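See below for the structure under consideration.
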Protein chains: 2
Amino acid sequence: MNNEQIVLAERPEGLPGDDVFRYEDVETREPGRDEMVIESVYISVDPYMRGRMNDAKSYAKPFELDKPIESHIVGRVTESNNDDFAEGDVVTGVLPWKKFNTVSEDAVNKVPSTDVPLHLYLSTLGMPGQTAYGGLLNIGKPQEGETVVVSAASGAVGSVVGQIAKIKGARVVGIAGGTEKVDYLTETLGLDAGVDYKKDDFAERLAEAVPDGIDVYFENVGGTVSDEVFNHLNTFARVPVCGAISSYNSKEDNGPRVQQKLIKSQALMQGFLVAQFKDDFKDASEQLAQWVQEGKVHSEVTIAEGFDRLPEAFRNLFTGDNFGKQVVKVSDSLD
Amino acid sequence: MNNEQIVLAERPEGLPGDDVFRYEDVETREPGRDEMVIESVYISVDPYMRGRMNDAKSYAKPFELDKPIESHIVGRVTESNNDDFAEGDVVTGVLPWKKFNTVSEDAVNKVPSTDVPLHLYLSTLGMPGQTAYGGLLNIGKPQEGETVVVSAASGAVGSVVGQIAKIKGARVVGIAGGTEKVDYLTETLGLDAGVDYKKDDFAERLAEAVPDGIDVYFENVGGTVSDEVFNHLNTFARVPVCGAISSYNSKEDNGPRVQQKLIKSQALMQGFLVAQFKDDFKDASEQLAQWVQEGKVHSEVTIAEGFDRLPEAFRNLFTGDNFGKQVVKVSDSLD
């Protein structure tokens, strides 16, 4: 059967250009005993993948050169030798960027429900939702009446953070880039204020938006935006450090050191990876699904169509050209 | 009665010069009902006082212009209208830089024992010891076999941190400036290794000293020394942020941002002030006194003699010209 894959052709410097990705025609391996074939339907692009493109030792294994890039995928079983999976089942897993993957049952999980838009399993009901839930509630610990600030607030993780913080009774201020996204924060997500980091008066607007200071800052972006946020930390503030997307493509990442600010505010800053919260994944999934069904947690998605749009969609994460969760739809077979 | 005080004459920029301090002849106020007069014997100079010399809102109230500077003092009661205090009693408290202070009993505490060198109540048995104990054990939480790194390791706080970490079974690496101090770390304090941050090969020596990475970094100095330490944080490392003495006299304090390093290591950084641990002060005091008596915790002190040496002694904290705790002896009356 004809198949196609995208491999890492070279390690990028800065924003990954087209030379970083190479398309290859390959054969689909026949499924062995207990194996199955999964057709990729939605493929996720996520900021953390930029780190895996480097050679440096990090928390996730670097992608290998000349091997397919991998990410979270929602797919459909097209052929199965496994008694627990039937043709047509919808599954998720971290899989190579191929149109078809031949896998064992260890590689995938059936989705709990097909009554929701399936790309949600790559955002609110998937890894980004777990990241938001685990980092905010375990490290940020927002209390009723406290002020929570979240950066990349319209993004896949940030939008869930902001909405959970509202459910918990906090005053929530979101930071995003551009009028459309900032309006979305208050009008659709129900946050208390939105601040546009692309505007010249960002520092003043942020100060106005947090008259009582900041108790929780959910860090997604790093860089100069966060430098400014750190000037407003309250005593015993908590800063879950989830991402620093503004710096992932930079060689240099210099700014004001945080030590004196942390001492002054007796604040806590904690880096985390979602796997840290794996014991809570099941409870978190159920809670998030309930909030989605009750209409309490909204999700925005940008869907690029076509396997050949993957590199561009990945780059959009860093240029801010996506809105909400960025996915790529590579097959119509679940429409 | 003739008295003398040192007031803050102007707010310093950078290292406080002589113009920042003004000597004034004053009268000693007669003690009222329940009051007493305390003769200053040992006056402490501490890095955190630099922050109080600025006008900026911080955790401690700024010193007022033209009012006496304050710090921890060990003194002797010379006159008392209070039934609980008698002439000759030894007390500690945060008091104005005067040779004699007239105070109520709220301002001072009697020392628990006069069998130890009394300046220890300004170091290991005082605020620096509490700072080391509280920050290391509550935030750093060193476990047996883990690697603990402490900067300013021969200083009043750092030397206690290193020795407690050894008592707790950790492998301890101290960072200090100059051969004499570095030798002291291993030879007198019993640390496993010392690294000299003033040497050109600091980065390489540090790397050699922490072959298994760093589980706890007790942060006293900030700046480029700490930038280097952050490259070695292990998964789930803890960084109690106690001080950033290298930056207190600088307007600019820029360096590599820590966000990506914290994410990669899932590390925690927490600023603290010693008052946070006040519920434990009594237990900590008793434990520290026991360790001192058992010879398990050594203390080094640099004693400058004379009230007029206070400004110079304060500056020594930032130039590294002191060794261990820096105090100023302003009276022989407890010899």
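Summary of values
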read-out	value
Estimated [θ] at 222 nm from DSSP helical runs (n ≥ 4, -39500 (n - 2.57)) normalised by residues in the protein assembly as shown, nearest 500	-6500 deg cm²/dmol
Net charge over other residues, Cβ less than 15 angstrom from the Cβ of B:Glu146 (K, R count +1; D, E count -1)	+1
Cα gyration tensor shape of the stretch A:127-276, rounded if a/c is under 1.5, else prolate or oblate by comparing a/b with b/c	rounded
Loop sites in the stretch B:158-262: trypsin sites (Lys or Arg not before Pro), DSSP, at most 14 other Cβ within 10 Å	B:Lys198, B:Lys199, B:Lys251
Tensor-based shape of chain B (alpha-carbon gyration tensor, a/c under 1.5 rounded, otherwise prolate or oblate)	prolate
FRET efficiency, 1/(1 + (r/R0)^6) with R0 35 Å, evaluated for B:Thr186 and B:Ala60 via beta carbons	0.50
Calculated label separations, B:Lys198, copies of the chain, 7 Å along the beta-carbon direction, nm	5.2
Length gained when the stretch A:Glu252-A:Asp212 is fully extended (0.36 nm per residue, less Cα-Cα span)	11.1 nm
Point-charge dipole on Cβ atoms (K/R +1, D/E -1) for chain A, about Cα centre, debye to 20	1180 debye
Over 30 Å between alpha carbons, listed pairs B:Lys98/B:Lys168; B:Lys198/B:Lys251; A:Lys141/B:Lys261; A:Lys168/A:Lys282; B:Lys168/B:Lys251; B:Lys282/B:Lys325	B:Lys98/B:Lys168; B:Lys168/B:Lys251
Cα lying deepest toward the dipole's positive end in chain A, options A:Ser40, A:Val210, A:Ser80, charges on Cβ	A:Val210
Global geometry of the stretch B:221-308, whether rounded, prolate or oblate, following the gyration tensor of its Cα atoms and the 1.5 cut on a/c	oblate
Added length on full extension, which subtracts the Cα-Cα distance from 0.36 nm per residue, A:Ala9 to A:Arg22	4.1 nm
Simple Cβ-charge dipole of the stretch A:182-225, Lys/Arg +1 and Asp/Glu -1, about Cα centre, in debye nearest 20	160 debye
Hydrodynamic radius by Kirkwood, which averages 1/r over all alpha carbon pairs of the protein assembly as shown, in angstrom	27.8 Å
Rough spin-label spacing in nm, given labels placed 7 Å along Cα→Cβ, for A:Ala86 and B:Asp83	9.0 nm
Paramagnetic label zone (point 7 Å from Cα along Cα-to-C-beta, B:Ser333; backbone N under 14 Å) in the stretch B:3-19	B:3-4
Share of alpha-carbon pairs per 10 Å distance bin for the stretch A:124-207, given as whole %	20, 52, 26, 2
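Each value in this text was obtained by applying a stated rule to the coordinates, not by laboratory testing. Source: prediction; values computed, not measured. Ideal geometry is used to build each Cβ from the backbone, glycine not excepted, and the neighbour counts take in all protein chains shown.
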